[in-house]
Amino acid sequence: MKFDQVVDLVAQRANVPRDRAQSLTDATLRTLAERITGGEARDLAAQLPEELKPSLSGAADTAEAFSRKEFVRRVAERASLDEDAARDGARAVMVTLREAVTTGEWDDITSQLPEDFNELVGTTS
């Protein structure tokens, strides 16, 4: 999937302008990079357009353990949104990521997230 496709899908799914979709995508990827291992962040980056790779760079080798609520709070802070809009935006980004990467990569990512993330990522079955 190309960068413009990713941003356009996020904008459509989150019902936000394109520039807001870009900031939501960046905020969500940066937060996801904190929540998954560095190796997994690098694997994810390898399947995404060049323009999105910086958002996943610098991930620590060890994942931070935090809840979906904290994930949304961090996205909200990074994207300068309230938590409801951040949750909807993060969900739009995650659904788009699910379509942009291989099933195996998606399964690897979601295996590192607790069940309370299902609201954002959906189930893998």
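What the table below lists for this structure:
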| read-out | value |
| --- | --- |
| Test result for GLU34, modelled with pLDDT under 95 and closer than 21 Å to ASP107 by Cα | no |
| Matching residues, region 91-107, being of a type in the set (Ser, Thr, Tyr) and assigned to a helix (DSSP H, G or I) | THR96, THR103 |
| Residue check for GLU119: in a helix (DSSP H, G or I) and acidic (Asp, Glu) | yes |
| Number of the condition not met by GLU70 [criteria: (1) touching a Leu at 6+ places or on another chain (Cβ under 6 Å); (2) free of Cβ contacts under 8 Å to residues at least 12 places away in the same chain] | (1) |
| Any chance ASP43 is farther than 18 Å from LEU9 by Cβ, over 13 Å from the mean Cα position of the chain (by Cα) and in contact (Cβ under 8 Å) with a residue 40 or more places away in the chain | yes |
| Per-region count, region 16-42, residues of a type outside the set (A, V, I, L, M, F, W, C) and out of contact with any Asp or Glu (no Cβ under 8 Å at 6 or more places or on another chain) | 11 |
| Subset tally (residues that are under 15 Å from VAL101 (Cβ atoms) and among the basic types (Lys, Arg)) for region 1-58 | 3 |
| Of residues in region 28-40 being in contact (Cβ under 8 Å) with a residue 60 or more places away in the chain and of a type in the set (A, V, I, L, M), the one nearest to LEU120 (Cα to Cα) | LEU32 |
| Enumeration of residues in region 47-90 that are assigned to a loop (DSSP other than H, G, I, E, B), surrounded by 13 or more Cβ atoms within 10 Å (Cβ to Cβ) and touching a Ser or Thr at 6+ places or on another chain (Cβ under 7 Å) | GLN47, ALA63 |
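The values are calculated or read from the model by the stated rules, or taken from the named source; none is laboratory data. Keep in mind the model is a prediction, meaning the values are calculated, not measured. Cβ: placed from backbone, ideal geometry, glycine included. Neighbour counts: every protein chain shown.
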